[in-house]
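Asks: The structure follows.
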């Protein structure tokens, strides 16, 4: 009985079932059209090659699940505060301790500006200074909307998005907001004036940003 499933229907049985037997040419044409519609378009093999296989996928195949890449989770701002990762202990708040860091920073700027030659264009140095890492730089608050910050000088120990932490020659740690301040940086006779509003981003982001020639400050 099982073998009858795969046999061709006779005309008598087809009539009993209400079916119409198509000719071989029409059956082949229908099959070719069906396969062209059902076989994924990305397959370039011919229909004959598909038919020669033991199994033919006519509809959607199983899609492989992509594994999600888990990014390394860092500390949250709250966790960093609780761990006191950026706290500078009082015994480390000494200006002389960071003079070697300042010397390293000066050499870094000299290499960045190709030696700071006397004929170098001030605008070129200014643009490179904006993109440079400022940890270790000796800066002075040249202008500020808050008069108490004006004239404050020290070495930058930490830089966040909105503030600079500097150590003064009096061994005092000061937190200076970037916004509404203009900072001056002097190295080898070149003085650069940096608008704090342009520093309101991470140093890594600043290195790839294009800055306008002029800055502005509401004083």
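A short reminder: the numbers here are calculations on the coordinates, not readings from a lab. Everything numeric here is computed off the predicted structure, so don't read it as measured data.
Asks: Over the Cα atoms of the range 88-136, each weighted equally, I'd like the Debye log10 I(q)/I(0) at q = 0.15, 0.17 Å⁻¹, rounded to two decimals.
Replies: -0.50, -0.59
Asks: Starting from the Cα coordinates of the range 72-189, work out the convex hull volume and express it per residue in Å³.
Replies: Here the figure is 144 Å³ per residue.
Asks: Over the range 87-219, what is the relative contact order in percent, taking alpha-carbon pairs closer than 8 angstrom and at least six residues apart?
Replies: Values: 221 pairs, mean separation 30.8, N = 133.
For the range 87-219, the relative contact order is 23 percent.
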